[in-house]
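Report on the following structure.
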Amino acid sequence: MDILRIILVILHFVGLASLLGGFLVQVKAIGQGKGTVVRAMIDGALTQLVTGLLLVATIEIGDLYDVNNWKIAVKLLITVVITVLVFVYRKKVPAPSWALWAIGGLTLANIVVAVAWR
Ligand code: HEM
């Protein structure tokens, strides 16, 4: 079960890189009012949802350690909001700047929650 957890954590980092990287390459365009939701953000948000939920299942079923349920609930809520934003604005050119800043800001917030909340 631990090997599965390790593989899922690695994929969780790939999803994080895609979501945050997608936002970072758009920062200049957002500043010019021309930012868009790029494919990497959509793929990243879905990857985080799927790998995050599978991680929780793996840890619980394998009885690996006690998951902090409040932390997971907060991360899940934040990720659902990110996912809704990327889907709602994926075809809007340009996408509203507030929505793109929210996608980047909420991604950063989830990283802080993930590493600072034990
Ligand atoms: C934008 C979305 C997300 C980001 C940026 C993110 C970020 C991270 C990071 C950086 C770690 C490694 C932390 C460490 O091992 O010290 C992690 C671990 C983990 N994440 Fe996420 N995550 C996201 C979404 C989710 C979701 C939606 C879930 C579950 C519903 C989830 C569940 C987990 C679990 C179970 C771990 C393993 C470590 C632990 O028990 O906390 N994550 N996440």
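How high is the relative contact order of the chain? Use alpha-carbon pairs under 8 Å, at least six apart in sequence, and give a whole percent. Present the calculation step by step, with values, prior to reporting the outcome.
Values: 141 pairs, mean separation 39.0, N = 118.
After rounding, I find 33 percent.
For region 1-99, which chymotrypsin sites (Phe, Trp or Tyr not before Pro) are in a loop by DSSP, counting at most 10 other Cβ atoms within 10 Å?
Values: sites: 13, 23, 65, 70, 87, 89, 98; in loops: 65, 89.
For chymotrypsin sites (Phe, Trp or Tyr not before Pro) across region 1-99 that sit outside H, G, I, E and B with at most 10 neighbouring Cβ atoms in 10 Å, the list reads 65.
So how tilted is helix 39-61 from the main axis of the chain? Cα-based, degrees 0 to 90, rounded to 10.
Helix 39-61 sits at roughly 10 degrees to that axis.
How much of the pair distance distribution for the chain lies past 22 Å, counting alpha-carbon pairs only, in percent?
Value for the chain (Cα pairs over 22 Å): 34 percent.
Helix 2-24 versus the longest principal axis of the chain: what is the Cα-based angle in degrees, 0 to 90, to the nearest 10?
On a 0 to 90 degree scale, this one is about 10.
In a shell of Cβ-Cβ distance under 11 Å around residue 113, excluding residue 113 itself, what net charge do Lys and Arg (+1) and Asp and Glu (-1) give?
Working: positive: 71, 75, 118; negative: none.
My count for the surroundings of residue 113 gives +3.
Please give me the summed charge of the neighbours of residue 39: other residues whose Cβ is under 15 Å from its Cβ, Lys and Arg +1, Asp and Glu -1. It would help to have the intermediate numbers written out before the result.
Working: positive: 90, 91, 92; negative: 43.
Net charge around residue 39: +2.
Once you put a point 7 Å from the Cα of residue 25 and another 7 Å from the Cα of residue 10, both along the Cβ direction, what distance in nm separates them?
Result for the modelled spin labels: 2.3 nm.
GNM on the chain, C-alpha springs below 10 Å: top fluctuator among 95, 17, 73?
73
Of 61, 103, 82, which is the most mobile in a GNM of the chain whose springs link Cα atoms less than 10 angstrom apart?
61
Rule-based calculations on the coordinates, nothing more; no lab input. Because the structure is a prediction, the values reported are computed rather than measured. Note that we place each Cβ from the backbone using ideal geometry, even for glycine, and neighbour counts take in every protein chain shown.
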